[in-house]
Amino acid sequence: MERLLEGYRHFRDTEWPTEKARYEALAHWGQSPQHLIVSCSDSRVDPQTVFGAVPGELFVVRNVAGLVPPYEPDAHYHGASAALEYGVRVLKIPNIVVLGHALCGGVAAMVTGAPGARDFVEPWMKMAEPILKHVPLGITGPDLITYCEAEVVKLSLANLMSFPWIADAVAAGTLQLQGFRFDIHSGLLTQLDGEKFVPIV
């Protein structure tokens, strides 16, 4: 905890003086982010750092594997879907980005099992298990994990289109959906272009 408090003191002493006007404007005018990011909870993949964003630019939804669930309005609790609804219908954000990444523990749990995380992680990742039914022959081991990490991004993009107010906004041209994958080891960001991820240059 002391590390967090030290970080706050550093922020207050060195960053707040130069960022004060930005925060005051955000407090006065409210937020109007242009990008909604769906990302993994992994501590090594911070969307604000990856995209070099400042406070007020990104509306971030984080969960295990950065998964977007399908549209299922019912009496259960839907944290990711609630954030999507607020971002799209209230804030009118014009861009949704699904940010996947390498070395994803959630994807690995889906592929190899999740001992010790069966109450919530295991059932959460079941929504992505259809990916395993379409793995090309010959892909095994670490390559299988990498394959599934990419396919999870595609699945989340497909699930976004199951939300009627997202599909309507995309059809109207007021909302764009994009997929990216971040490689922790190399720092390389790739963007989904058709069925392939291509490096950002």
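Every number in this text was worked out from the coordinates using simple rules, so none of it is lab data. Quick caveat, the model's predicted, so the values are computed rather than measured. A quick note on method: Cβ atoms are made from the backbone with ideal geometry, for glycine too, and the neighbour counts reach across all protein chains shown.
Percent relative contact order of the chain, based on C-alpha pairs within less than 8 angstrom and at least six residues apart? Please list the in-between numbers first.
Working: 265 pairs, mean separation 42.5, N = 201.
In percent, rounded to a whole number, it is 21.
Pull up the cross-link candidates among the aspartates and glutamates for Lys154, meaning alpha carbon to alpha carbon under 14 Å and not fewer than 8 places away within one chain.
Glu129, Asp193, Glu195
Can you list the lysines whose alpha carbon is less than 29 Å from that of Lys20, not counting same-chain residues fewer than 8 positions off?
The qualifying lysines are Lys92.
Ignoring trypsin sites (Lys or Arg not before Pro) that are buried or in helix or strand per DSSP, and keeping those with at most 13 other beta carbon atoms within 10 Å, what is the longest stretch of the chain between them?
On the way: sites that count: Arg44, Lys92, Arg118.
The answer is 119-201.
What is the dipole size for segment 1-96, taken about its Cα centre, with +1 at each Lys and Arg Cβ and -1 at each Asp and Glu Cβ, in debye to the nearest 20?
Working: 9 positive and 12 negative charges, 31 e Å.
That gives a dipole near 140 debye.
Given a 10 angstrom Cα cut-off, can you work out which residue in Thr190, Thr18, Thr146 is the most mobile in a GNM of the chain?
Answer for the Gaussian network model of the chain: Thr18.
With charges only on Cβ, +1 for K and R and -1 for D and E, what is the dipole size of segment 31-199 about its Cα centre, in debye, rounded to 20?
Numbers: 10 positive and 16 negative charges, 21 e Å.
For segment 31-199, the charge dipole is close to 100 debye.
Pick out, in residue order, every one of the GluC sites (Glu not before Pro) in segment 130-201 that is DSSP loop and has at most 14 other C-beta atoms within 10 Å; say none if there are none.
Values: sites: Glu149, Glu151, Glu195; in loops: Glu195.
Counting only loop positions with at most 14 other Cβ atoms within 10 Å, the GluC sites (Glu not before Pro) in segment 130-201 are Glu195.
Work out which helices of the chain, taken as complete DSSP H runs, extend at least 27 Å along their axis over the Cα atoms and score a mean Kyte-Doolittle of -0.5 or more, then list them. Before the final figure, lay out each step's value.
Numbers: long enough: 141-160 (29 Å, 0.57).
Going by DSSP H runs, the hits are 141-160.
What full-extension length gain, to one decimal in nm, is calculated for Lys196 and His134 as 0.36 nm per residue of separation minus the Cα-Cα distance?
Values: separation 62, 0.36 × 62 = 22.32 nm, distance 1.59 nm.
The span from Lys196 to His134 would gain 20.7 nm if fully extended.
Which whole-number value in Å³ per residue fits the convex hull of the alpha carbons of segment 31-199?
Details: hull volume 21.4 nm³, N = 169.
Cα-based convex hull of segment 31-199, divided per residue, equals 127 Å³.
Expressed in nm to one decimal, what extension gain is obtained for the pair Trp16 and Gln34 from 0.36 nm per residue of sequence separation less their Cα-Cα distance?
On the way: separation 18, 0.36 × 18 = 6.48 nm, distance 2.31 nm.
Here the segment from Trp16 to Gln34 would lengthen by 4.2 nm.
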